[in-house]
1. Scanning segment A:16-48 for residues that are part of a helix (DSSP H, G or I) and acidic (Asp, Glu), which turns out surrounded by the fewest Cβ atoms within 10 Å (Cβ to Cβ)?
2. Can you name every residue in segment B:291-304 that is out of contact with any strand residue (DSSP E or B) (no Cβ under 8 Å at 6 or more places or on another chain), at pLDDT 90 or above and over 11 Å from B:Met322 (Cα atoms)?
3. Looking at segment B:404-436, which of the residues that are modelled with pLDDT under 85 and aliphatic (A, V, I, L, M) is nearest to B:Arg447 (Cα to Cα)?
4. Name every residue in segment B:320-362 that is over 15 Å from B:Val390 (Cβ atoms), without any contact (Cβ under 8 Å) to a residue 40 or more places away in the chain and not in a loop (DSSP other than H, G, I, E, B), in order of residue number.
5. Quick one: in segment B:8-41, of everything that is buried (at least 18 other Cβ atoms within 10 Å of the Cβ) and assigned to a loop (DSSP other than H, G, I, E, B), which residue is farthest from the other protein chains (Cβ to nearest Cβ)?
6. Kindly indicate which of B:Glu52, B:Glu106, B:Glu57 is of a type in the set (Asp, Glu), facing chain A (nearest Cβ under 9 Å) and surrounded by 13 or more Cβ atoms within 10 Å (Cβ to Cβ).
7. Does A:Arg70 satisfy the criteria of being closer than 30 Å to B:Gln24 by Cβ, outside any loop (DSSP other than H, G, I, E, B) and out of contact with any Leu (no Cβ under 6 Å at 6 or more places or on another chain)?
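The values are calculated or read from the model by the stated rules, or taken from the named source; none is laboratory data. Keep in mind it's a predicted model, so treat the numbers as computed, not measured. Cβ placement follows ideal geometry from the backbone for every residue including glycine, while neighbour counts extend to all protein chains displayed.
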Amino acid sequence: MMGYAAGGPSAGEVARVAGVLDRLAGQMDEARVRLAAAGAVEWESAAAQAFREAVAGQAHALAAAADDLRGAAGLVRHYSLRLDVAGAAG
Amino acid sequence: MNANDVCVGTMFTVIGGVGSTRYQLGVIALAGSRIDAISADLDPVGPRADFEATWLEEGTMGLPDHPYAAVERMREAAKACSTARIGLKTLADNTATAARRYDEAEERNRLFLARKNQLDAFRAGSHFTAQSWLLPGGPNNSVRDLGRWLDSFWTKGFRDATEDSINGGPAFLAGAAGGWPALAYLLSLGRHPERSDTAAAAAAGVRHMLDSTGVTRPGTVSVRRIPAGDWSAQPSGTGVRGTTRATIEGILEAPRDAYAVAPSAVIVDRIERADGTIAWRVALPGTEVWDPPDSENLFDLEGDLQALTSARRKEFMEKQVMVEELLKAALQDAGAKPGDPVMLTGHSGGGIHAAAAAADPAFLAEFNVTMVVTAGAPIARLPVDGRVGVLGLENTYDIVTAADGAAPPDRSNWVTVTSSRPGDGVGTMQDVIARAHSLDGYLGDARQAEHSADPSIDGARKSIRDFMGVAGPGQAVAFTRSVYQGRDVRPAKAPPAPATGRERRDAVPRGR
């Protein structure tokens, strides 16, 4: 685990965390695209309908998780800016 | 069974191929494995988000400006990621196991039906004997039973009725015998519910009998390339140029030619594809000699039995499948290179040989067989490699196709098209059988099948076009044709030790 100074992490270190969260959100988006491709099978039946609904449900869960990550990244980035401002003021 | 498809009076029943449930389940299983891979790739996402949240939380602990909201949101996001990954994993597992569950259900149904059919046959045999001897008027009832059995050939079609008879024969006889044989049969049925490979066992039994009586003897295969002048209007040279069409009918015209060029001969067509690559079509005739069973002609009864028991060849005096040796020598001499796509096509016994070669790992190690096209051939039990596409044409009244004693396999790579033609069952039994099995009849079916909308037939047509290297249906393709004749050379006296490996006398050069 990356360490931090006695006064807490620097603004740059916190900004790095925001970057990691954005990257993870990107991975979730990519997974959603791959899931859509994997689920696009030529299959017509009641079971196929259930499969498509399940794929759609999972795609929604992936999108929601990506949104959560981006939302978290935004909050972390905002905190980083606060640290930056506080550092400049202090 | 996929569907029934009607084309200008001829009805097609199609099993296997891209329109089959099996194919769809394969696609679904593939989707499952892809989803599984996505799930695996997301494995570290949730833990990583959680890790960063912990880092931030611990690093800012005790500070007046603590990022509570950010850390809480990070924890929620981490949990959402892990939940989504688990959901994907569950979906992948459920999807991937659908094919397996279907297979298991199919296997249970198949075993149940096989046992039921055998018990029905056993009961019929038992009933037949009881009526014949024990009841007043019994013989008349037995004649009536026989009449019903014969009627079933006309109502069900000769192919299916014969398959039922082949598979139910031992059960019927055991039931008719009664007493200990009947009891022994019932006990064996309990141990081996699946006893339906009677046909393969019969072929092996006949081979053993012919071996032991000296009717069949091991020999060597002699192969020669027939000069073009001997089989075509071209006065000299070895190869004759021609064109064919990238259709099912176009493919099956080659086995028709194979009957005509010379006895015991196969045709090798070097297909020049539009992109400059080369593919090979090898056409085989059907059985040309029935008596004697072991003749100089490789396409005799011995040859058929060799192909039908190809996987068990080491059990017999003749260890090789002679037609397969002819195919190898012909392809090598014609210039086929490893990796060149090869199509094997044959009618009747020729179809058996084509499928048997495509089921032989040693043959497949030498040649890249990508497709087998047969007409009127009993090939259902031959374990053709899963990478080889198979298109088999059958007819409901073609008794020859029942010789495998099995229904066509339901596989994504294997399409069986069974035709029911107008007037199929009209005429004497001999006429009906001859008409149903004739290659001309199958060429007519192939012509009709070009207009079929069935997805599996369409898939087969596309495979043929891909093999021929053309984009559009029915396009002409140029080829150079060579003809090779094989001869079964038998020792003059009593057979020495069984031959091993490939032995030829005046064989064509084997070098590439």
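1. Within segment A:16-48, the first condition is being part of a helix (DSSP H, G or I), and the residues that meet it are A:16-39, A:46-48.
Subset that is acidic (Asp, Glu): A:22, A:29-30.
Working: A:Asp22: 17, A:Asp29: 17, A:Glu30: 15.
Residue satisfying both the conditions and the ranking: A:Glu30.
2. Passing the criteria: none in range.
3. Among those residues, the one meeting the criterion is B:Val426.
4. Result: B:Glu324, B:Pro361, B:Ala362.
5. Per the criteria, the residue is B:Gly16.
6. Values: B:Glu106 fails: facing chain A (nearest Cβ under 9 Å); B:Glu57 fails: facing chain A (nearest Cβ under 9 Å).
Result of the check over B:Glu52, B:Glu106, B:Glu57: B:Glu52.
7. Details: closer than 30 Å to B:Gln24 by Cβ: no; outside any loop (DSSP other than H, G, I, E, B): yes; out of contact with any Leu (no Cβ under 6 Å at 6 or more places or on another chain): yes.
Spelling it out, it is not the case that A:Arg70 is closer than 30 Å to B:Gln24 by Cβ, outside any loop (DSSP other than H, G, I, E, B) and out of contact with any Leu (no Cβ under 6 Å at 6 or more places or on another chain).
The rows are residues; the columns are (1) facing another protein chain (nearest Cβ under 9 Å); (2) out of contact with any Lys or Arg (no Cβ under 9 Å at 6 or more places or on another chain); (3) of a type in the set (Asp, Glu).
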site: A:Gly12; (1), (2), (3): no, yes, no
site: A:Asp22; (1), (2), (3): no, no, yes
site: A:Asp29; (1), (2), (3): no, yes, yes
site: A:Gln49; (1), (2), (3): no, yes, no
site: A:Arg52; (1), (2), (3): no, yes, no
site: A:Gln58; (1), (2), (3): yes, no, no
site: A:Ala64; (1), (2), (3): yes, yes, no
site: A:Gly74; (1), (2), (3): yes, no, no
site: A:Gly87; (1), (2), (3): no, yes, no
